[in-house]
Structures are given as C-alpha cells and as structure tokens.
Amino acid sequence: MNQVVRGSELSPLSPANVACRRSVLGRRSSASHPSVFAPPIPNVALLTGGDDKPYVLGLGEVLTSEGVSIDVIGSDNLSVPELLTNSRIRFLNLRGDQSPEASFPVKIARVARYYLRLIRYAATARPRIFHILWNNKFEFVDRVLLMAYYRLLGRRIVLTAHNVNIRKRDNCDSWFNRLSLRVQYYLADNIFVHTERMKSELLADFGVPDTKISIIPFGINNTAPNTSMTTIDAKRTLCLRSNNKLMLCFGQIAPYKGLEYLIDAFSELAKSDESYRLIIAGKVKPGQTEYWNRIRRKIDDSVCRDQIIVRIEHVPDEEVELYFKAADVLIVPYIHIFQSGVPFLAYSFGLPVIATDVGSLREDIVEGRTGFVCQSRDSADLAGTIDRYFKSELFRDLESRRLEIKEYANERYSWNKVAAITTAVYSKLVSSY
C-alpha cells in the first residue's frame with residue numbers, strides 16, 4: 001500500500017506556506033475574504049472513491065489554503081504531485097490500481113482489500129469529519145454498512161451528492177436503490193448539492209430535512225493542461241481546416257447524453273454546409289455498449305458520416321486541451337441530468353456551450369454570451385440552435401470572447417465560494433461535538 005505522510009506543519013498564513021501553494025484558482029485577500037470557520041477545524045478525511053481528479057484537486061487546494069489538513073483516501077489515479085507535495089495533505093493510496101483490464105478474480109480481490117483497508121483506517125483515523133465525495137463499488141456496503149460504521153465510530157459525515165439518484169437518471173431505478181440512498185442521506189450530517197433542483201429532489205424524494213442540505217458551486221475544472229496552443233494549431237493537429245465549423249461532444253457515452261438527437265441534428269445541418277464537423281470523444285460507460293452500437297450504426301447510415309470524427313476511449317488529461325481548443329462550440333444534448341461538469345471544463349478553455357433545457361443546465365448558460373439553450377429530445381430545435389450560434393456575434397467574435405467566458409466562469413464557479421460554504425459546515429459540525 002502506497003502511503004504518503006504529511007510533512008512538517010506550516011501556519012496557513014506563513015510566507016513559506018503561501019509561497020509553496022500551487023494556485024489553481026488565484027490567491028485570496030485576507031481582508032476581502034476573512035476566515036469563515038471558528039473554532040479551528042481538525043483534520044478532515046476526503047473519501048474520493050478513487051477517482052474524479054479535477055474535483056479532488058480543486059477542493060484539496062482550496063481547503064488546504066484555508067488551513068484545513070486533509071487525509072485524501074485515493075488510488076493510483078490520484079497519486080499526482082499536487083496531492084503528494086502539499087504539506088497539508090496526507091495522501092493514503094488505499095484503493096491502489098483500478099485498471100479495467102484486470103481479470104475478474106483480481107478485481108474482486110483488490111476491491112475486498114480496499115474495503116478492509118478503509119475499515120481499518122476509519123477505526124484509527126485522526127479526522128473526526130469524513131467527507132464522502134463519491135461512493136465506492138458496492139452501493140449497499142457504501143450507503144448502509146459503511147455509513148453506519150462511521151457513525152458508530154463517532155465520525156461526522158459530510159456527503160457531496162453529485163447525483164441525487166444516478167439510477168433514476170439512467171432509467172434503472174429500483175425500490176432497493178431508493179432505500180439504500182434514503183439510509184445514506186439519513187445517516188449523513190450534511191449533504192452538499194450543486195443546484196436548487198437537486199435540493200428539491202432530496203426534499204421530495206428522500207425526505208431530507210432542509211437544514212441538512214447546502215448548495216455549493218460545482219467548482220471550475222482548471223486541472224487540464226492549458227498551453228499556448230491556438231485554435232488553428234489544434235485544428236491542424238486534428239487534420240482540419242481553419243474554416244471548419246467544429247462541434248464537440250465530450251465525455252462518457254450513455255443513453256442520458258442524447259447522442260441520437262445530436263447525430264440527427266448534425267446530419268440535417270451538414271447536408272447544406274460541408275464546412276461542418278463533429279467530434280465525439282469519450283469512452284463508453286460500462287454496460288452501455290449496445291447503446292453505442294446503435295449510435296455507431298446511425299453515424300454509418302448518415303450521408304454526412306465523413307464529417308463526423310469519433311474517438312471512443314478515455315481522453316487523457318494532456319490531450320483534453322486539443323479538443324476544447326479546436327472546437328468552436330461544445331454540444332450538450334442531454335435528455336436527463338441535474339448538472340454536468342463538462343460545460344465547466346469547456347468554460348475553462350473559453351469555449352461556448354449549446355445545451356438542452358434539462359436539469360439546471362439553463363442556469364449555467366448566459367444566452368448569447370456563454371452559449372445557447374435548446375429543447376431536449378428535439379433534433380430540429382437543436383439544429384436550429386446550432387445554426388443560430390454559427391450566425392451569432394458570439395461565434396464571429398469567438399477568439400475575443402473566450403477570455404470573457406473564462407472570467408465569467410472563474411467568478412461564478414470559484415473554488416473560493418466552495419471553500420466558504422464547506423468550511424462553514426465543517427465548523428458547525430466541530431462545534432456540535
């Protein structure tokens with residue numbers, strides 16, 4: 001087991017500590033952003049589920065800049081310099097390797113080993129607050145058994161519900177799934193969600209008291225490398241012309257993403273304009289191979305198939321920039337979701353977004369300034385909105401508008417705002433001991 005122990009403690013406001021911080025989100029002024037927690041916060045354990053590097057890095061950076069010491073429970077995927085070299089982070093690689101190529105017996109053994117390590121850690125850990133960012137492999141174990149175990153140990157539990165009920169979104173909900181979720185939400189001391197609609201679902205579907213729910217911004221994704229590569233450079237690398245109108249659909253492929261509507265909309269537009277191009281980049285979500293096969297057949301049957309580029313695999317961080325800088329717009333054709341991190345990734349590169357009006361996606365788009373909104377499950381409306389975008393001032397002035405989009409996103413989805421709310425909740429839980 002790889003364990004990295006925290007180095008010598010530094011005062012959160014000492015010159016040495018300030019100088020050594022890697023700034024993901026810019027420095028804070030102590031005058032304009034006073035400390036929001038008192039009494040002092042003890043160590044906090046971040047239970048990451050072994051993944052979601054952008055969120056873990058953003059939250060870890062901003063919490064430690066506020067003087068919070070963190071145990072990050074991670075995996076090989078999170079064993080990165082930003083976590084390993086931060087003096088206020090003790091990185092514990094309890095999860096280890098998560099390679100999907102491993103044999104089934106190996107997967108079972110490593111998951112069992114991880115749960116044993118996690119149980120042992122919880123029994124002896126210094127942090128009194130356990131902040132769960134993601135559950136692990138077995139929902140009943142995570143939502144019921146581990147939650148009860150943590151409570152028996154006297155831990156205060158904070159839960160970030162990135163998806164209130166992911167199985168409802170994926171059309172595979174069940175009474176057992178809802179029951180285990182209800183138990184987890186009941187046992188949590190505080191639940192973070194990202195939108196008012198998510199809070200409403202917790203209240204209506206799971207009876208969670210209003211006082212246990214806090215709304216925090218998603219946090220802008222600033223972890224992907226961002227070099228001096230230009231749009232022209234990126235398009236040339238992808239063997240595209242500078243005048244190609246490039247749309248990007250990025251992220252895991254699953255039915256709730258509504259790719260079939262995007263293919264229909266694109267095919268209609270591209271018939272009359274050969275400069276249109278569409279890139280679909282991302283891996284197929286486990287269990288959704290048949291869905292992708294249907295999309296693949298739809299692409300093959302399209303008269304514009306030669307204008308559609310597919311890269312169906314995980315896109316490593318160092319290559320994300322290429323796609324978001326080559327693209328002229330991100331398309332988010334979802335048919336069901338509360339919120340997605342992909343638009344925030346686009347905003348971090350100054351890329352406009354066209355999204356369907358589902359969940360809270362509308363709330364994240366300023367019409368005509370950061371993108372456009374269209375109807376869900378309506379390929380004709382999507383096509384019309386794409387056409388409107390490419391005729392708009394936003395597209396014509398795109399290179400100058402990119403900086404404006406970045407500034408908007410960094411202000412609205414600032415990690416400093418996440419820290420203010422999160423540390424206030426931590427403080428409240430500490431004072432309740």
- request: Exactly one condition in (1) out of contact with any helix residue (DSSP H, G or I) (no Cβ under 7 Å at 6 or more places or on another chain); (2) under 22 Å from S272 (Cα atoms); (3) surrounded by fewer than 22 Cβ atoms within 10 Å (Cβ to Cβ) is not met by A327; state its number.
  value: (3)
message: Quick check on my filter: what residues within segment 117-168 are at pLDDT below 95, under 19 Å from T211 (Cα atoms) and β-branched (V, I, T)?
response: V164
message: So the check is Cβ under 6 Å with 6+ separation or different chains; which pairs have a first residue in segment 417-433 that's closer than 16 Å to G60 by Cα and modelled with pLDDT of 90 or more and a second one that's surrounded by 17 or more Cβ atoms within 10 Å (Cβ to Cβ) and charged (D, E, K, R)?
response: A419/E66; T423/E66
Selected residue (criterion: nearest to L159 (Cα to Cα)) from residues of segment 108-129 that are in contact (Cβ under 8 Å) with a residue 24 or more places away in the chain and among the basic types (K, R): R128
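Name every residue in segment 131-187 that is aromatic (F, W, Y) and either more than 26 Å from K107 (Cβ to Cβ) or without any contact (Cβ under 8 Å) to a residue 60 or more places away in the chain (or both), in order of residue number. It would help to see each step written out before you state the result.
Quick first cut of segment 131-187, residues aromatic (F, W, Y) only: 134, 138, 140, 149-150, 175-176, 185-186.
Matches in segment 131-187: F138, F140, Y149, Y150, W175, F176, Y185, Y186.
Tally the residues that are in a loop (DSSP other than H, G, I, E, B) and either in contact with a Pro (Cβ under 7 Å, 6 or more places away or on another chain) or over 25 Å from W415 (Cβ atoms) (or both), restricting the search to segment 217-272. Working first, answer last.
Going through segment 217-272, the residues in a loop (DSSP other than H, G, I, E, B) turn out to be 217-230, 238-244, 251-252, 254, 258, 271-272.
Still in the running and either in contact with a Pro (Cβ under 7 Å, 6 or more places away or on another chain) or over 25 Å from W415 (Cβ atoms) (or both): 221, 223, 230, 238-244, 254, 258, 271-272.
Of the residues in that region, 14 qualify.
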- prompt: Does I215 meet the test of being aliphatic (A, V, I, L, M) and either open to solvent by 20 Å² or more (accessible area, probe 1.4 Å) or without any contact (Cβ under 8 Å) to a residue 12 or more places away in the chain (or both)?
  reply: yes
message: With the requirement that a residue be over 15 Å from V320 (Cα atoms) and open to solvent by 40 Å² or more (accessible area, probe 1.4 Å), what does segment 227-254 give you?
response: I232, R236, C239, R241, S242, N243, K245
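Residue-by-condition table, conditions (1) free of Cβ contacts under 8 Å to residues at least 24 places away in the same chain; (2) over 18 Å from the mean Cα position of the chain (by Cα):
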{"position": "T211", "(1), (2)": "yes, yes"}
{"position": "N221", "(1), (2)": "no, no"}
{"position": "D233", "(1), (2)": "no, yes"}
{"position": "L246", "(1), (2)": "no, yes"}
{"position": "K271", "(1), (2)": "no, yes"}
{"position": "G287", "(1), (2)": "yes, yes"}
{"position": "Q307", "(1), (2)": "no, yes"}
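How do the helices (runs of 4 or more DSSP H) wholly within segment 87-195 filter down when requiring 2 or more residues that are open to solvent by less than 30 Å² (accessible area, probe 1.4 Å): which remain?
Values: elements: 104-124, 147-152, 166-169, 175-187.
Because the criterion is at least 2 residues that are open to solvent by less than 30 Å² (accessible area, probe 1.4 Å), the helices (runs of 4 or more DSSP H) in segment 87-195 that meet it are 104-124, 147-152, 175-187.
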- prompt: Among the helices (runs of 4 or more DSSP H) contained in segment 288-401, which hold 1 or more residues that are β-branched (V, I, T)?
  reply: 289-301, 317-326, 342-348, 379-390
message: So L63 passes all but one of these: (1) within 16 Å of V418 (Cα to Cα); (2) modelled with pLDDT of 90 or more; (3) open to solvent by 30 Å² or more (accessible area, probe 1.4 Å). Which condition number does it fail?
response: (3)
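The values are calculated or read from the model by the stated rules, or taken from the named source; none is laboratory data. Since the model is a prediction, treat every value here as computed from it, not as a measurement. Cβ atoms come from the backbone with ideal geometry, glycine included; neighbour counts cover every protein chain shown. Ligands, DNA and RNA are stripped out before the accessible areas are found, and what is left, the full protein with its side chains, is counted by its heavy atoms. Shrake-Rupley method; radii C 1.70, N 1.55, O 1.52, S 1.80 Å.
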